[in-house]
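To start, the structure itself, in structure tokens.
Just so it is clear, none of the values below were taken in a lab; they were calculated from the coordinates. Model, not experiment: these values are computed from the prediction. Cβ sites come from the backbone with ideal geometry, for glycine too, and all protein chains shown count toward neighbours.
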Amino acid sequence: MMTFNDVIEVIKSLSTDEKLEIQLLLKQYIREERRDEIDENFKSAQVEQQKGELKFSSNLNELRQLIEE
């Protein structure tokens, strides 16, 4: 198995075009992971809402208290 340092060394040896391709791929992978995370959070919030566990407020002090819970 390659270590992180091994991967870095391999990347250093690549051509500029290959490095740019890796950069584009990493951006895409990160974007997809964030999208999946947002989707999971949304689904979790839907379940909480169905159970009546979500709390809403337009009062800043109440919001601070809810965040701290």
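Taking label points 7 Å from Cα along the Cα-to-Cβ direction, Gln50 and Phe4 give a separation of 3.9 nm.
Tell me, what does the Kirkwood hydrodynamic radius of the chain come to in angstroms if you use every pair of distinct C-alpha atoms?
Numbers: mean 1/r = 0.0619 Å⁻¹.
Answer for the chain: a Kirkwood hydrodynamic radius of 16.1 Å.
Between the Cα long axis of helix 16-50 and the first principal axis of the chain there is an angle of about 20°, rounded to the nearest 10.
Using only helices, what value at 222 nm comes out for the chain when you add -39,500 (n - 2.57) per DSSP H run of length 4 or more and divide by the total residues, to the nearest 500 deg cm²/dmol? Each step should come with its number before you reach the end.
On the way: 3 runs with 53 residues, N = 69.
That calculation yields -26000 deg cm²/dmol at 222 nm.
Taking the range 4-68 as the region of interest, the number of lysine pairs whose Cα atoms are within less than 21 Å, with members eight or more places apart or on different chains, is 4.
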